[in-house]
Amino acid sequence: MEKIKKYLTQICTFIFGLFTVGLITAYRGGLKAKTVTEFMFALTDGFFIVGILLTCFGLLTVVSAGGAFDMLLYSINVLGSLFSKEKRKDKDFYAYTERKKEERKEKKSVSFLLWIGGIFLFIALILLFAFHLY
């Protein structure tokens with residue numbers, strides 16, 4: 001039961017990806033397909049689009065977890081503090097980055113989006129080869 005709870009987010013993301021593949025396949029005409037070629041074309045599009053989206057979101061979250069957007073977020077906080085009566089938590093950028101590093105140590109990894117996106121892209125590649133062989 002503990003392993004299921006540990007991987008529940010990944011399982012839900014994969015199921016949501018499959019659901020989205022179904023929606024994209026239906027939108028691309030997979031349900032009205034008269035030939036196997038038309039259906040495989042729509043199915044390949046579905047897997048490819050979901051794979052690209054998950055991989056891009058995964059890359060953004062991994063880069064963000066590494067601190068790539070710290071300066072942008074700090075500047076937004078400084079700008080917001082000009083119009084607010086609240087006092088800033090950090091006196092300078094260095095203190096802000098140190099606080100953020102401490103907060104990141106407690107967060108879970110979100111790199112599973114890269115793996116799931118890669119799986120969907122791999123399935124799309126297999127379907128593409130099957131599509132061209134058929």
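The values are calculated or read from the model by the stated rules, or taken from the named source; none is laboratory data. Remember, it's a predicted structure, so these values are computed and weren't measured experimentally. Cβ: placed from backbone, ideal geometry, glycine included. Neighbour counts: every protein chain shown. Protein only, heavy atoms only, side chains kept; ligands, DNA and RNA dropped before computing areas. Shrake-Rupley method; radii C 1.70, N 1.55, O 1.52, S 1.80 Å.
How big is the gap, in Å, between the Cα center of the range 59-99 and the Cα center of the range 8-32? Using only Cα atoms to place each centre, the spacing works out to 36 Å.
Ignoring ligands, DNA and RNA, what accessible area per residue does the range 3-43 give at 1.4 Å, in Å²?
78 Å²
Taking 0.36 nm per residue of separation and subtracting the Cα-Cα distance, full extension of the segment from E2 to L125 would add 40.9 nm.
GNM on the chain, alpha-carbon springs under 10 angstrom: the most fluctuating residue among T97, T35, T25 is T35. Among residues other than H132 with Cβ under 15 Å from its Cβ, the summed charge is -2 (Lys and Arg +1, Asp and Glu -1).
If only the Cβ of Lys and Arg carry +1 and only the Cβ of Asp and Glu carry -1, the dipole of the chain around its Cα centre is close to 380 debye. Mind giving me the FRET efficiency for I11 and L60? R0 is 30 Å, r the Cβ-Cβ distance, nearest 0.05 is fine. Rounded to the nearest 0.05, the efficiency is 0.85. Of the GluC sites (Glu not before Pro) found in the range 1-102, the ones in coil according to DSSP and having at most 12 other Cβ atoms within 10 Å of their Cβ are E86.
Using only C-alpha positions, report the orientation-averaged shadow area of the convex hull of the chain, nm², one decimal. Show your work: numbers first, answer last.
On the way: hull surface 48.5 nm².
Seen from a random direction, the Cα hull of the chain projects 12.1 nm² on average.
Counted as membrane-span-like here are DSSP H helices of the chain whose alpha-carbon atoms extend 30 Å or more along the helix's own axis and whose Kyte-Doolittle mean is 1.6 or above; these are 36-65, 112-133.
Of the chain, which part is the longest with no trypsin sites (Lys or Arg not before Pro) in a loop (DSSP not H, G, I, E, B) and with at most 11 other C-beta atoms within 10 angstrom? Between the exposed loop sites, the longest stretch runs 35-84. Residue pairs exceeding 19 angstrom between C-alpha atoms, taken from K3/K108; K6/K108; K5/K101; K3/K101: K5/K101; K3/K101. Compared with the alpha-carbon gap, the fully stretched path from I76 to F19 is longer by 16.9 nm at 0.36 nm per residue.
Modelled label positions at L133 and A68, each set 7 Å beyond Cα in the direction of Cβ, lie 3.6 nm from each other. The residues of the range 52-134 present an accessible area of 78 Å² per residue when probed at 1.4 Å with all protein chains retained.
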